[in-house]
1. Under the rule of at least 5 residues apart or a separate chain, name every residue whose amide H is placed under 5 Å from the amide H of L82.
2. Would you grab the residues whose amide H sits under 5 Å from the one on D131? Only those 5+ places off in sequence or on another chain, please, with H modelled 1.01 Å from N.
3. Output ³J(HN,Hα) for the stretch 55-66: one whole-Hz value per residue in order, computed from phi by the Karplus curve 6.51 cos²θ - 1.76 cosθ + 1.60 with θ = phi - 60°, and x for Gly and Pro.
4. Can you give me the P(r) profile for the stretch 79-145? Cα pairs, bins 10 angstrom wide beginning at 0, each as a whole percent.
5. Per residue, how much accessible area does the chain have with a 1.4 Å probe, in Å²?
6. With a 1.4 Å probe and every protein chain kept in, tell me what percent of the accessible surface of the chain is carbon plus sulfur.
7. Kindly give Rg over Rh for the chain, based on alpha-carbon atoms, with the Kirkwood expression for the hydrodynamic radius.
8. Would you please state which residues of the stretch 93-137 a label at A169 would reach in this model, taking the label point 7 Å out along Cα→Cβ and a backbone N cut-off of under 19 Å?
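The values are calculated or read from the model by the stated rules, or taken from the named source; none is laboratory data. On a predicted model such as this, the values are computed, not experimentally measured, just so you know. Cβ coordinates were reconstructed from backbone atoms using ideal geometry, including for glycine residues, and neighbour counts include every protein chain displayed. Heads up: the accessible areas ignore ligands, DNA and RNA and are worked out on the full protein's heavy atoms, side chains in. Shrake-Rupley method; radii C 1.70, N 1.55, O 1.52, S 1.80 Å.
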Amino acid sequence: MRSATPALALASASPRRAELLRQAGWSFEVVLPGGEEETQGVQAAPGGGDALRERARSAALAKAAYASRSRPDAVVVAADTLVVVDGTLLGKPSSPEEAAEMLRRLSGRSHQVVTGVAVVAASRGVIRAEDSTTIVRFRDLREDEILRYVATGEPMDKAGAYGIQGRAAVFVERLEGDYFGVVGLPLALLSRMLEEVGVQSF
């Protein structure tokens, strides 16, 4: 008989991350995220790939650690996603105009999506953070379709101003890495991390 699985909590307001956890078979509760805020707007990327990975891991860990204060008995999961093109960090757009500008930057180009994942179980002294990097290539986007996509409202709460699991799926020519990392939660990586602390999906 399988031993009792520790309680699992997701420190995220993202419906996409919650849906991915449900899809994989985990039972969990959602707790309010806190700590470091997700990246907003257009910024210079901090250094090279290692610096980006560290930033994503640190942001995810800050969220998980903050949420674990209210649920020290639970295994808390958090994530943070960065979109980078040509040394520029694309966070969540602050306006439709900024969303359109981000999509113009991504048009016909390859970009990196780096997602940091953290698992914290305060009562057991577990603090872990890892990351997943995926390369996404967009086809050339016409100005009219950029504006139509922005008008749907879909880009406004997403890093890089697009959701690969939504209407923007038609923009993607190819992908190298973890699709779910682009959505916001790399499931294979998370599954391994949770198995190590006794949380199974099914």
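1. V114, T115, G116
2. Long-range HN contacts for D131: V117.
3. Computed from phi, the couplings for the stretch 55-66 are 4, 5, 5, 5, 5, 5, 5, 4, 5, 5, 5, 4 Hz.
4. All Cα pairs, binned at 10 Å, distribute as 18, 39, 24, 13, 6, 0 percent.
5. Values: 9120 Å² over 202 residues.
For the chain, the per-residue accessible area is 45 Å².
6. Working: 4650 of 9120 Å².
Ligands and nucleic acids excluded, carbon and sulfur reach 51 percent.
7. Taking Rh as the inverse mean 1/r over Cα pairs, Rg/Rh reads 0.99.
8. 135-137
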